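Reviewing the structure listed below.
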């Protein structure tokens, strides 16, 4: 018999805060971390971006270092991962140095800031490789296992959780720490500018006036375990199952029919033994681009989920790429624990063809089962199901 898998001890580092409490407080106040950046660091023109407080990050990291650790140089992203994982560990009773514990790292670009020659000279060229990032994180925590790196466009975070759940169910590990993170950089911004997919205003997921996405940076961490007691929560949430798919539609454009996402949703529900009518809420990808939001509405409608309350968190954090799935899953757990539906920031007037039930205001509701979805470049899609 396969073990049940529980999820909890969540952390989020974002433009809205460095722990779960700060982030949820800002979501409840409908505060967005997306602000007009005029620094010129990421774009030659002012652009709405969601950037974390780097000064606070450095201060927190310095406070966490022991004497021996101070001799090692860590990149900005490595600091984010370490602080996020440490906060999650404080909320649990697991031993990260145990061979029973695996670290899964989800990221699209890793230490992308090392493209800058100055930083490359400081840290070495090798550190730009994702496996080197994983090695540094594992070494910091004295974890004996080789980290699993998941880099599959913007579904990386959700897929990392799906893999973690499967590895625990298979009996290979008792605990899995899933952490996802990505940085803001000129490289990332210019890439999305080349697609003409960035908005010059705070994004508006599923809204008729949506005109593009906002980029963000951040890090999120969840701890998965076969033992609910180690999560130090009275009623930890279970991960019932998940799935990934690929519609192979285009290198960047999503399928117009939503075929791939529909398949991922159907497979996730089937593996979880959950029917569409049992879902209480959906955390969608919701990038606020024309094609993504329309595709998602078609997939959700086809799966019989039009009446289920659905939201996007991109209006709070922007699109944090490989971190998005973990950050949004962490908020989904909070939504379930608090029995609250969080509104979709930026959504005002319905703007997709299908009559999906976009959450327009925060309200209380009993939430027992939640679907989390993600879609990304290359036609990639993923979905997973949480249940109390």
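Values quoted throughout were computed directly from the atomic coordinates according to the rules given, and no laboratory measurement underlies them. Bear in mind that the values here come from a model prediction, so they are computed numbers and not experimental data. All Cβ positions, even for glycine, are placed from backbone atoms using ideal geometry, and neighbour counts span all protein chains on display.
Summary of computed values
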item	result
The chain: most fluctuating residue of 229, 277, 303 per GNM, C-alpha cutoff 10 Å	277
Added length on full extension, which subtracts the Cα-Cα distance from 0.36 nm per residue, residue 235 to residue 93	49.6 nm
Cα-based Kirkwood hydrodynamic radius, the range 74-154, one decimal, Å	13.3
Order of 270, 135 - criterion: other Cβ atoms within 10 Å of each residue's Cβ, fewest first	270, 135
Translational diffusion coefficient (Stokes-Einstein; Kirkwood radius from C-alpha pairs) of the range 1-107 at 4 °C, 1.567 mPa s, in µm²/s	79
Point-to-point label distance, residue 186-residue 22, nm (Cα→Cβ direction, 7 Å offset)	2.8
At 1.002 mPa s and 20 °C, Stokes diffusion of the range 6-231 via Kirkwood alpha-carbon radius, µm² per second	116
Residues 2, 340 arranged by fewest to most Cβ contacts within 10 Å	2, 340
Candidates 88, 232, 153: whichever shows maximal mean-square fluctuation once the chain is modelled as a Gaussian network with Cα springs under 10 Å	232
Distance (nanometres) between label positions extended 7 Å along Cα→Cβ at residue 31 and residue 339	2.7
Pair residue 291, residue 119: separation of 7 Å Cα→Cβ label points (nm)	2.9
Convex hull volume per residue for the chain, taking Cα atoms only, in Å³	124
DSSP beta bridge pairing in the range 237-387, given as percent antiparallel to the nearest 5	70
Relative exposure of 308, 274, judged by other C-beta atoms within 10 Å (fewest first)	274, 308
Counting DSSP beta bridges with both ends in the chain, the antiparallel % (nearest 5)	65
Highest to lowest packing among 201-208, 172-179, scored as the average C-beta count within 10 Å	172-179, 201-208
Beta bridge orientation in the range 6-231: antiparallel %, DSSP, nearest 5	60
Cα Rg, Dmax, the range 224-351, angstrom units	15.3, 45
